[in-house]
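Student: Handing you this structure, nothing more for now.
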Amino acid sequence: MDSTGGMASVIGLLCGAPGTDVRSSSATTWSPASRTRGLLPTARLLGRLAFGPRAARPDWVHAHLSEGGSFVREGAVLVVARLLGIGTAATLHGAQFIVFSRRHPRLVRGVLAGCRTVFPLGPHAAARVAELSPATPVRPVLNPLDLRELAGVPASSRAADVVFGGEVGRRKGVDRLVAAWPEVRRAHPEATCVLCGPPGDVPVTDLPEGMTYLGALPRTELLGVLKAARVACLPSRDEALPMFVLESLGLGVPVVTTPVGEIDQLGEAQGVALTDGDPAHLAARLVALLGEPDERARWGGRGAGWVRENCSVESVTRVLADSYRAA
């Protein structure tokens, strides 16, 4: 739970959320430093559930699933919890969930079919769950944001016009942004762009003029850089519903991104400019937003308003609590 990443942030927020009478705690089933891919912490959790005092058992186990080994680790926890008479729910975060479910339909069906409720992040995963397990209740829910945290973040002095946040690799589309940037600079010669995140498979040693790599920043520092930006950019090839996009909108920063995964449920009404990822089209989107301050402010205002209504941690936890009670 002390690792970086969208899923860890989501679980931390949900476990600490006020406003409902649901008491919750987190249990780790994976760690970036794990040599066994989470086998030992998963085994410890299974032991606690199966052999611990009955009075200490939870009423619910809510697993946060991605794909691959997650359906073995967290899937095993869900199966054991179900056999013990504990209510089970799952949130689907994986960028590759649909592809994985087509390769391993029996595994995915076996894990999800016994859940009392499944929470996908958008309509595509919801449709796939309904296809695999028609009897399983499905309720799409967005990832939560701590709006008070976002409001209290000071804008960084390391301001840039465009900010990218995520692993600096092809999956996140950094190569597309690098290819598009010279065209952005031709239209806006003083424009700057920073890449923030751990290194990936795109080199950062020879970036075009006006583009800088800041490395993997601490969360608060990244939010400060993002708050000072004019536009956030994430031209990914593969996503579920990234926290970077939601947090940018929550900070009032319009986003240029690609309609992959569940991102395509967003659009202009949410302050999101969608692009097919082609560098020329990506550049055109960035040039347009950088060149129109009033229009950019309107986009940012729409995004912030939509996030307040749909992504506050209070609203998301109410949805989860209502679903537990109704199941």
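Student: Project the alpha carbons of the chain onto their principal axes and report the range along each, largest first, in whole Å.
Tutor: Projected onto the principal axes, the Cα atoms of the chain cover 66, 37, 35 Å.
Student: By DSSP, what percent of the beta bridges with both residues in the chain are antiparallel, rounded to the nearest 5?
Tutor: The answer is about 0 percent antiparallel.
Student: Enumerate the calculated ³J(HN,Hα) couplings along the stretch 122-138 in order (Karplus 6.51 cos²θ - 1.76 cosθ + 1.60, θ = phi - 60°), each rounded to whole Hz, writing x wherever the residue is Gly or Pro.
Tutor: These are the phi-based 3J(HN,Hα) values: x, x, 5, 5, 4, 5, 5, 4, 4, 5, 6, 9, x, 7, 7, x, 10 Hz.
Student: Let me ask you something else. So if I place +1 on the C-beta of Lys and Arg and -1 on the C-beta of Asp and Glu, and nothing else carries charge, what would the dipole magnitude of the chain be about its Cα centre? I want it in debye, nearest 20.
Tutor: 1420
Student: What FRET efficiency do you get for residue 237 and residue 20 if R0 is 35 Å and r is their Cβ-Cβ distance, rounded to the nearest 0.05?
Tutor: 0.40
Student: Taking amide H atoms as placed 1.01 Å from N in the peptide plane, list the residues 5 or more away in sequence, or in a different chain, whose amide H sits under 5 Å from that of residue 63.
Tutor: So residue 63 has HN proximity to 89, 90, 91.
Student: While we're looking at this one, here's another question. Could you give me the ³J(HN,Hα) list for the stretch 169-176, computed from phi with Karplus coefficients 6.51, -1.76, 1.60 and θ = phi - 60°, whole Hz, x at Gly and Pro?
Tutor: x, 5, 4, 7, x, 4, 4, 5
Student: Give a residue-ordered list of calculated ³J(HN,Hα) values for the stretch 296-306 (Karplus: 6.51 cos²θ - 1.76 cosθ + 1.60, θ = phi - 60°; whole Hz; x for Gly, Pro).
Tutor: For the stretch 296-306, the Karplus curve yields 4, 5, 5, 4, x, x, 5, x, 5, x, 5 Hz.
Student: Averaging sequence separations of C-alpha pairs under 8 Å and six or more residues apart, then dividing by the length of the chain, give the relative contact order as a whole percent.
Tutor: Once divided by the residue count of the chain, the mean separation gives 16 percent.
Student: Using only the Cα atoms of the stretch 1-152, build the gyration tensor, take square roots of its eigenvalues as a ≥ b ≥ c, and label the shape rounded, prolate or oblate: rounded if a/c is under 1.5, else prolate if a/b is larger than b/c, else oblate.
Tutor: Rounded, since a/c falls under 1.5.
Student: 7 Å from Cα along Cα→Cβ at both residue 55 and residue 40: what's the point-to-point distance in nm?
Tutor: It works out to 3.2 nm between the two label points.
Student: Just check the stretch 240-319 against the gyration tensor rule for me: Cα atoms, a ≥ b ≥ c as the square roots of the eigenvalues, rounded for a/c under 1.5, and otherwise prolate or oblate depending on whether a/b exceeds b/c.
Tutor: Verdict is oblate for the stretch 240-319.
Student: Okay, moving on. To the nearest 500 deg cm²/dmol, what mean residue ellipticity at 222 nm is calculated for the chain from DSSP H runs of n ≥ 4 alone, each contributing -39,500 (n - 2.57), summed and divided by the residues?
Tutor: When only DSSP H runs of four or more count, the value is -13500 deg cm²/dmol.
Student: About its Cα centre, what dipole magnitude does the stretch 199-327 give when the only charges are +1 on Lys and Arg Cβ and -1 on Asp and Glu Cβ, stated in debye to the nearest 20?
Tutor: 500
Student: So, in nm, how far is label residue 159 from label residue 221 when the simple model puts each one 7 Å beyond its Cα toward the Cβ?
Tutor: Placing both labels 7 Å beyond Cα along the Cβ direction yields 2.0 nm.
Student: For the stretch 111-264, what does the alpha-carbon gyration tensor say about shape, rounded, prolate or oblate, given a ≥ b ≥ c as the root eigenvalues, a/c under 1.5 as rounded, and a/b over b/c as prolate?
Tutor: Here the stretch 111-264 falls in the prolate category.
Student: Using the Cβ atoms and a cut-off under 12 Å, what net charge is assigned to the surroundings of residue 229, where Lys and Arg are +1 and Asp and Glu are -1?
Tutor: +2
Readers should treat all values here as calculations from the given coordinates under stated rules, not as data from a laboratory. Computed from a predicted model, the values in this text were never measured in an experiment. Positions of Cβ are generated from backbone atoms using ideal geometry, with glycine treated the same way; all protein chains shown enter the neighbour counts.
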